[in-house]
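The values are calculated or read from the model by the stated rules, or taken from the named source; none is laboratory data. A quick note: this is a predicted structure, and the numbers were derived from the prediction, not measured. A quick note on method: Cβ atoms are made from the backbone with ideal geometry, for glycine too, and the neighbour counts reach across all protein chains shown.
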Amino acid sequence: MEIENRLKEIGIELPSPVKPVANYVTTVQTGNLVFTSGHGPVNVSGDLQTGQLGADMTVEEGYQSARLVGLGLISTLKDALGDLDRIKRVVKVVGFVNSTPAFLDHPKVINGVSDLLVEVFGDKGRHARSAVGMVQLPGGIPVEVEVIVEVED
């Protein structure tokens with residue numbers, strides 16, 4: 001329970017894992033890789049955050065939103081795997097940022113989830129990454145992120 005203890009040490013309480021809102025599952029494992037579906041930022045009251053970077057959200061607000069998404073991803077992985085210590089490595093993070101055409105700081109926003117993963121998993125949390133801008137995301141959410149992790153049996 002090394003990762004569970006780490007979460008307690010740094011004062012992180014995971015939210016409830018998300019549930020699918022359509023005809024898909026939240027994770028798929030093939031071999032030793034687990035792929036998550038895209039997650040959005042769910043606040044403590046269970047509501048999705050909304051906003052658009054470059055319009056009504058700052059880079060720092062986007063960063064915090066991405067961090068919130070990361071907490072949801074970790075919760076979903078814990079639910080799927082039973083034990084976060086099974087994660088051998090975070091392989092890839094793909095982050096989508098709802099932004100105006102003039103907004104250029106997508107990587108700074110997605111750093112919110114990247115920094116969290118390294119904070120929680122240490123070097124196992126370092127990953128390849130894409131951070132892209134989108135003109136809109138489902139429900140008007142500011143950030144959507146998916147991850148691929150390698151697991152041990």
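If you scan the range 19-42, which residues turn out to be over 17 Å from Leu137 (Cα atoms), free of Cβ contacts under 8 Å to residues at least 40 places away in the same chain and of a type outside the set (Lys, Arg)?
Within the range 19-42, Asn23, Tyr24, Val25, Val28, Thr30, Gly31 qualify.
Every residue in the range 86-113 that is in contact with a helix residue (DSSP H, G or I) (Cβ under 8 Å, 6 or more places away or on another chain), crowded, with 17+ Cβ neighbours inside 10 Å and assigned to a helix (DSSP H, G or I), please.
Within the range 86-113, Val109, Ile110, Asn111, Gly112, Val113 meet the criteria.
Would you mind stating whether Val90 is modelled with pLDDT of 95 or more and in contact with a His (Cβ under 6 Å, 6 or more places away or on another chain)?
So Val90 fits the description; yes.
Considering Thr58, Thr36, Thr27, which residue is β-branched (Val, Ile, Thr) and more than 22 Å from Glu152 (Cα to Cα)?
Thr58
Filter the range 13-43 for residues that are surrounded by fewer than 15 Cβ atoms within 10 Å (Cβ to Cβ) and modelled with pLDDT under 95; which is farthest from Gln64 (Cα to Cα)?
Ala22
Which one is nearest to Glu60 (Cα to Cα), of the residues in the range 114-153 that are among the β-branched types (Val, Ile, Thr) and part of a strand (DSSP E or B)?
The selected residue is Val143.
Among the numbered conditions (1) assigned to a helix (DSSP H, G or I); (2) buried (at least 18 other Cβ atoms within 10 Å of the Cβ); (3) within 15 Å of the chain's Cα centre (by Cα), tell me where Leu7 comes up short.
(3)
Would you pick out the residues in the range 21-53 that are farther than 23 Å from Thr100 by Cβ and part of a strand (DSSP E or B)?
Thr27, Val28, Gln29, Thr30, Leu33, Val34, Phe35, Thr36, Val42
What pairs come up if the first residue lies in the range 89-103 and is among the polar types (S, T, N, Q), the second is modelled with pLDDT of 95 or more and buried (at least 17 other Cβ atoms within 10 Å of the Cβ), and their beta carbons are under 6 Å apart, counting only those six or more places apart or on different chains?
These pairs meet every condition: Asn98/Gln52; Asn98/Leu137; Asn98/Pro142; Ser99/Leu53; Ser99/Gly54; Ser99/Gly133; Thr100/Gly54.
Please work out if Gly54 is within 16 Å of the chain's Cα centre (by Cα), within 18 Å of Val143 (Cβ to Cβ), of a type outside the set (Asp, Glu) and modelled with pLDDT of 95 or more.
In short, no.
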